[in-house]
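J.: The following block contains the structure, expressed as structure tokens.
The values are calculated or read from the model by the stated rules, or taken from the named source; none is laboratory data. Note that the coordinates shown come from a computational prediction; the quantities given were computed from them, not determined experimentally. Every residue, glycine as well, gets a Cβ built from its backbone with ideal geometry; the counts of neighbours run over all protein chains shown.
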Amino acid sequence: MRRFGFVYNPTSDLALEAWDEAAGWCAAHGIEHWGFAAEEQESIAKALPGSEVLFSLGGDGTFLRAAAAVAAHGVPLLGVNLGKIGFLARSESFQLAVALQAFADGKWRIQERMALSAVVHRVKGATRTFTALNDVVVARGRLPRVVRLDVAIGESHLATYIADGVVISSPTGSTGYSFSAGGPILDPLSRNIIVTPIAAYLATLRSVVVPGEQSVTCTVVAGEEAVISIDGWIDEPLEPGDRVTVAAAAAPIRFAEIDGLAPFWDLVRQKVDLLPR
């Protein structure tokens, strides 16, 4: 039996209406379906096996939570944009029924996007690994002051940044925090890692792009405290001496594509015009 999954933003009336519409459509077409709020990660993970596709109903924040859920399962992900900008959730709300029909008819394709693997090596405590679709951010902690971060590319020391933090981004994430911090926009199908400091003091290296085969290591300098943020929604404190090593993840995130979606660079032109000045 066909099986579709849905993740929605529970605080958005539009997303809740879209979930009701999608559930009704699936029931009318004899398609097994399930849906959970984006924060219910354990429930989503249990429901994913056997699902053909996961629809994200919300904005890019909802999409990033959905991406975290599918990372270990390889289920294709399609975002229906019910938020403000929507670089990741590329199908607009009026296309929901069209998208559902496209999947029911098998008229869709896969686009693989490079994800990031972030390994946190702690001076005290166990090592932990995270997967990010957009970015890994190492930033200052609770105190309103800059933090010193040593950044290395592979075995080569790049810089010691005195800054609010450093954004380590995938090509897909290049339109997010990295872009806001002054980084370039990359084609999402490229395999690169972007390193962009946030409000760096006296930095000559503002943003660098390295091959996806390289790793980037960010170490919290002694005497400092910081925090690591994964895709803007998983946050953990870092202590002096802790280091974060970021590299391309072993498995990509599989984006589902249907006809009628705007090409990426057309989307960039449209969405950048919507950003606040």
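J.: Test Leu186 against the criterion of being surrounded by 14 or more Cβ atoms within 10 Å (Cβ to Cβ) and over 26 Å from Gly61 (Cβ atoms), and give yes or no.
T.: Against the criterion (surrounded by 14 or more Cβ atoms within 10 Å (Cβ to Cβ) and over 26 Å from Gly61 (Cβ atoms)), Leu186 does not qualify.
J.: May I ask you to list pairs of residues, at least six apart or on different chains, whose Cβ atoms are under 7 Å apart, with the first in the range 250-273 being under 12 Å from Arg113 (Cα atoms) and the second being of a type in the set (A, V, I, L, M) and assigned to a helix (DSSP H, G or I)?
T.: Every condition considered, the pairs that remain are Ile253/Ala67; Ile253/Val70.
J.: Residues in the range 216-237: is at least one more than 18 Å from Leu149 (Cα to Cα) and free of Cβ contacts under 8 Å to residues at least 60 places away in the same chain?
T.: no
J.: Here is a list: Gly83, Gly35, Gly50. Which entry is touching an Asp or Glu at 6+ places or on another chain (Cβ under 7 Å), more than 18 Å from Leu133 (Cα to Cα) and assigned by TED's automatic domain parsing to the domain that holds Gly106?
T.: Details: Gly35 fails: touching an Asp or Glu at 6+ places or on another chain (Cβ under 7 Å); Gly50 fails: touching an Asp or Glu at 6+ places or on another chain (Cβ under 7 Å).
Only one candidate passes the filter, namely Gly83.
J.: A further question follows. How many residues are more than 15 Å from Leu238 (Cβ to Cβ) and of a type outside the set (A, V, I, L, M, F, W, C) if we restrict to the range 147-166?
T.: Matching residues across the range 147-166 total 5.
J.: Please list, ordered by residue number, the strands (runs of 3 or more DSSP E) wholly in the range 220-277 having 1 or more residues that are crowded, with 18+ Cβ neighbours inside 10 Å and hydroxyl-bearing (Ser, Thr, Tyr).
T.: Counting at least 1 such residues, we get 226-230, 243-248.
J.: Hey, any hits in the range 105-120 for a residue that's of a type in the set (Ser, Thr, Tyr) and either without any contact (Cβ under 8 Å) to a residue 40 or more places away in the chain or out of contact with any helix residue (DSSP H, G or I) (no Cβ under 9 Å at 6 or more places or on another chain) (or both)?
T.: So far as the range 105-120 goes, yes, one or more of its residues are of a type in the set (Ser, Thr, Tyr) and either without any contact (Cβ under 8 Å) to a residue 40 or more places away in the chain or out of contact with any helix residue (DSSP H, G or I) (no Cβ under 9 Å at 6 or more places or on another chain) (or both).
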